[in-house]
1. Sort the following peptides by mean Cβ neighbour count (other Cβ atoms within 10 Å, averaged over residues), highest first: 87-99, 71-83.
2. Using Cα springs under 10 Å in a Gaussian network model of the chain, which residue among VAL20, VAL107, VAL69 shows the largest mean-square fluctuation?
3. What does the C-alpha gyration tensor say about the overall shape of region 3-157? Classify as rounded when a/c is under 1.5, otherwise prolate if a/b is larger than b/c, or oblate.
4. Considering only DSSP beta bridges where both residues belong to region 3-157, give the percentage that are antiparallel (nearest 5).
5. Relative contact order of region 3-157: what whole-number percent is it, with Cα pairs under 8 angstrom and at least 6 residues apart?
6. Over the chain, with a Gaussian network built from C-alpha contacts below 10 Å, which listed residue (PHE119, PHE141, PHE31) shows the highest mean-square fluctuation?
7. Give the calculated FRET efficiency between LEU9 and ALA82 to the nearest 0.05, with a Förster radius of 41 Å applied to their Cβ-Cβ distance.
Amino acid sequence: MAFEMEQQLSAPERVQAALVAAGVDTRIEEFPSSTRTAQEAAATVGTSVAQIVKSLVFLAGAAPVIALVSGINRLDTQRLGALAGATIGKADADAVRQATGYSIGGVPPIGFPAPISTFIDRDLLQYDVVWAAAGTPRHVFPIAPQELVRITGGTVADLKPPPYPPREGEGTTSRT
Ligand code: 5CA
């Protein structure tokens with residue numbers, strides 16, 4: 001889609017266009033009440049907080065990175081830094097908007113002006129469906145977590161602070 005045309009689309013329309021372009025079979029839902037935080041989104045949608053995808057933007061050196069994190073998990077920024085191979089700094093509201101094209105509370109996992117390096121909380125993969133923001137604090141969409149991995153090209157990883165539970169097929173020895 002031409003850049004000029006994208007400029008005329010609303011935030012949810014830009015997310016919708018990105019979802020369609022990525023071949024995702026889903027529908028953005030608009031709610032009358034807030035989906036600004038994971039807790040509010042879960043209550044509004046009627047799902048668990050764990051199934052809400054937080055889109056957390058940071059700066060790895062000068063480059064933006066996005067961590068897609070289960071609503072119940074805290075992000076381990078040191079871990080994100082190790083994965084990104086750079087020192088992690090906070091992105092303020094302006095930096096979030098500049099990198100993603102969206103404001104905090106509505107940052108989606110796709111639909112950015114330029115690709116953003118993405119890391120995905122492994123804990124999201126245990127659910128059939130998770131819900132992510134779609135451009136505003138009142139728009140979200142459901143998606144299978146495997147689809148989220150596919151369309152973002154993101155790296156699945158443990159993003160919460162350790163300890164991590166043993167993964168299927170692995171022993172009980174701790175991973176370092
Ligand atoms: N719509 C919901 C769920 S889909 C949502 O966007 N949740 S969120 O967690 O991805 O977005 C809110 C997050 O933005 C907060 O968890 C917090 O990490 C971040 N945030 C909130 N205020 C600021 C701020 N002033 N500067 C930088 N980041 C902020």
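Readers should treat all values here as calculations from the given coordinates under stated rules, not as data from a laboratory. These figures come from a predicted structure and were not determined experimentally. Ideal geometry is used to build each Cβ from the backbone, glycine not excepted, and the neighbour counts take in all protein chains shown.
1. On the way: 87-99: 15.1, 71-83: 17.4.
The densest-packed peptide leads the list: 71-83, 87-99.
2. Of VAL20, VAL107, VAL69, the Gaussian network model singles out VAL20 as fluctuating most.
3. Numbers: a/c = 1.43, a/b = 1.12, b/c = 1.28.
Since a/c stays below 1.5, the shape of region 3-157 is classed as rounded.
4. Values: 17 of 26 bridges.
The antiparallel proportion sits near 65 percent.
5. On the way: 297 pairs, mean separation 43.0, N = 155.
Value for region 3-157: 28 percent.
6. Maximum fluctuation in the GNM of the chain, among the listed residues, is at PHE31.
7. Values: r = 37 Å, r/R0 = 0.89.
Taking R0 as 41 Å, the efficiency between LEU9 and ALA82 is 0.65.
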